[in-house]
Amino acid sequence: MKKFLVLVCALFSISILAQSGYKDSNRIGIGGGLTQLNISTNNFTITPETGWIGGFHVRGNFYNNWQMSFGMFFTDINFSVQTKKLVSVVDTNYKLSAVQIYLMPGYVVSQNHFNIEFGPVLQINDKLKIDKEDENNILVDQPTLTAKDITDVTKLNANIYAGINVGITNLRLRLGYQYGLNNFFNNLNNNTKVPALSEKYKGHIGMISGQLTIYL
């Protein structure tokens, strides 16, 4: 993982150097904002929660009214699952730390003011984190499972992103939605320590994000 991140940072640095001397629409952006994550699944009752995202990207002219951007973002995204703690039903919060890397085309509707962006995102996931005191809570929808049983999720997610980038030359609002193409819970199907269900564990992430980006 460390070697991979070093390689990505090196590519990003090369991209930054390559922007020197380009016209105004080629810019380096640093941004951050909020996310809301949901997971489409029949296995558990999921409640979306708010998280954060932040990082940097390079946006440059590609062809005519098309631009291309390359970026890397770090995020802590959250959701909760209904569980039983003693005799009470509580929402147990799960936190997912991840790195997102993308190479994305965008169509320029209004130069320096409004872009439409869409394309693939590679998401590298850590294990889900929960409070230690909640680890042995029983999942309401799957009484044979505890809250800690479902923390080992798929490490690589392939997402598809669509959104807009709107504002002025040096300050933009980026609004977008990502959908996970592969099975977020697939690791649970291959983990012999996790009790099997009559149906497979299956889920696809859906994430809304809003960021303020400062372009240098």
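The values are calculated or read from the model by the stated rules, or taken from the named source; none is laboratory data. Because the structure is a prediction, the values reported are computed rather than measured. In case anyone asks, the SASA skips ligands and DNA or RNA and just uses the protein heavy atoms, side chains included. Shrake-Rupley method; radii C 1.70, N 1.55, O 1.52, S 1.80 Å.
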Exercise. On the protein heavy atoms, probe 1.4 angstrom, tell me the percent of accessible surface of the chain carried by carbon and sulfur.
Key: 62 percent
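What does the accessible area per residue of segment 131-216 come to in Å², with a 1.4 Å probe and no ligands, DNA or RNA counted?
Numbers: 4420 Å² over 86 residues.
Accessible surface, normalised per residue, equals 51 Å².
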Quiz item: Residue by residue, what Karplus-based ³J(HN,Hα) values in Hz, rounded to whole numbers, does segment 44-52 have, using 6.51, -1.76 and 1.60 with θ = phi - 60° and x for Gly and Pro?
Solution: 9, 8, 9, 10, x, 9, 8, x, 10
Quiz item: Applying the Karplus parametrisation 6.51 cos²θ - 1.76 cosθ + 1.60 with θ = phi - 60° to the phi angles of segment 205-211, what ³J(HN,Hα) value in whole Hz is obtained for each residue in order, glycine and proline being reported as x?
Solution: 6, x, 10, 9, 9, x, 10
Quiz item: Do the alpha carbons of any pairs in 84/132; 84/148; 84/155; 85/200 sit beyond 22 Å of each other, and which pairs?
Solution: 84/155; 85/200
Quiz item: For segment 59-200, what is the convex hull volume of its Cα atoms per residue in Å³?
Solution: 129 Å³
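If you rank 113, 57, 204 by how much accessible surface each has, with a 1.4 Å probe, what is the order from largest down?
Values: 113 80, 57 0, 204 30 Å².
Ranked from most to least accessible, the order is 113, 204, 57.
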Self-check item: With all protein chains modelled, accessible area of residue 134 [1.4 Å, Å²]
Solution: 20 Å²
Practice problem: Please list the radius of gyration and Dmax for segment 129-186, considering alpha-carbon atoms only, with Å as the unit. | Solution: 18.1, 54
Quiz item: Per residue, how much accessible area does segment 27-67 show when a 1.4 Å probe rolls over the protein heavy atoms, in square angstrom?
Solution: 48 Å²
